[in-house]
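Student: The structure follows.
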Amino acid sequence: MKLKYSLILCFLITAFSLQAQTEKEALSKLSFMIGNWKGTSFSFSEKGTKSTEVTEDVAYKMDGNLVVLDVKSPWIELHTIISYSVKDQCYYYHPFSKKGLRDKYKSNFENNVFRVYFSTKRRLTFTLTKEGYFHEFGENLKDGKWEKYFEDILKPVQK
């Protein structure tokens with residue numbers, strides 16, 4: 001009987017470690033985001049374009065099983081956790097503001113682009129430019145075309 005419980009326990013430990021490894025492997029694809037970034041955030045509307053300085057600090061947490069983004073500008077302060085679900089085979093984007101957790105949003109990583117879907121008509125995109133800048137932008141779908149409502153272009157900084 002003890003052998004049976006020992007085998008079950010070994011199986012469960014192995015299964016959990018494989019799951020964590022898979023989550024860690026999925027999140028390792030987001031390594032292009034990791035670092036301390038500073039640059040300009042642009043906001044687009046019918047009234048024109050506005051800009052302000054923005055910083056983003058992005059790091060792995062919990063031994064690489066989570067990615068945490070801290071965004072700060074005069075316009076926004078956001079703490080976001082990115083996780084990966086082995087069960088759902090997708091990433092989740094969990095943004096927190098001073099009001100708390102907004103929701104969790106399905107996300108994917110494809111062709112070196114991390115994309116968050118707030119709805120079928122609103123999305124967020126993270127990439128790295130050829131120059132090595134962190135590029136983040138939000139878009140709304142209007143009349144069948146994606147239109148940017150904000151864009152951040154950030155350079156790496158040393159802390």
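Student: I'd like to check something: does segment 87-101 contain any residue that is hydrophobic (A, V, I, L, M, F, W, C), at negative phi, open to solvent by less than 90 Å² (accessible area, probe 1.4 Å) and touching a Leu at 6+ places or on another chain (Cβ under 8 Å)?
Tutor: Within segment 87-101, one or more residues are hydrophobic (A, V, I, L, M, F, W, C), at negative phi, open to solvent by less than 90 Å² (accessible area, probe 1.4 Å) and touching a Leu at 6+ places or on another chain (Cβ under 8 Å).
Student: Give the residues of segment 104-146 that are among the acidic types (Asp, Glu) and at pLDDT below 95, sorted by residue number.
Tutor: Matches in segment 104-146: 110, 131, 143.
Student: Would you confirm whether or not segment 56-67 contains a residue that is modelled with pLDDT under 90, open to solvent by 50 Å² or more (accessible area, probe 1.4 Å) and either part of a strand (DSSP E or B) or in contact with a Phe, Trp or Tyr (Cβ under 8 Å, 6 or more places away or on another chain) (or both)?
Tutor: No, the conditions are met nowhere in segment 56-67.
Student: List the pairs whose first member sits in segment 127-151 and is assigned to a loop (DSSP other than H, G, I, E, B), whose second member is open to solvent by 40 Å² or more (accessible area, probe 1.4 Å), and whose Cβ atoms are under 9 Å apart, counting only residues at least 6 apart or on separate chains?
Tutor: 129/153; 131/155; 132/155; 132/156; 133/153; 133/155; 133/156
Student: Of the residues in segment 74-114, how many are under 8 Å from the mean Cα position of the chain (by Cα) and more than 18 Å from residue 60 (Cα to Cα)?
Tutor: Matching residues across segment 74-114 total 0.
Student: Can you tell me how many residues within segment 102-140 are surrounded by 13 or more Cβ atoms within 10 Å (Cβ to Cβ) and polar (S, T, N, Q)?
Tutor: Residues that pass the stated criteria total 4.
Student: Residue 78 versus (1) more than 15 Å from residue 41 (Cα to Cα); (2) at pLDDT below 95; (3) in a strand (DSSP E or B): which is the lone unmet condition?
Tutor: Failing condition for residue 78: (1).
Student: Might you let me know whether segment 90-109 holds any residue that is assigned to a loop (DSSP other than H, G, I, E, B), of a type outside the set (Asp, Glu) and touching a residue at least 24 places away in the same chain (Cβ under 8 Å)?
Tutor: The answer is no; no qualifying residue exists.
The values are calculated or read from the model by the stated rules, or taken from the named source; none is laboratory data. Note that this is a predicted model, so its numbers are computed, not measured. With ideal geometry, Cβ positions are generated from the backbone for all residues, glycine too; neighbour counts draw on all protein chains shown. For the accessible areas, the whole protein counts, side chains as well, though only heavy atoms, and no ligand, DNA or RNA atoms are used. Shrake-Rupley method; radii C 1.70, N 1.55, O 1.52, S 1.80 Å.
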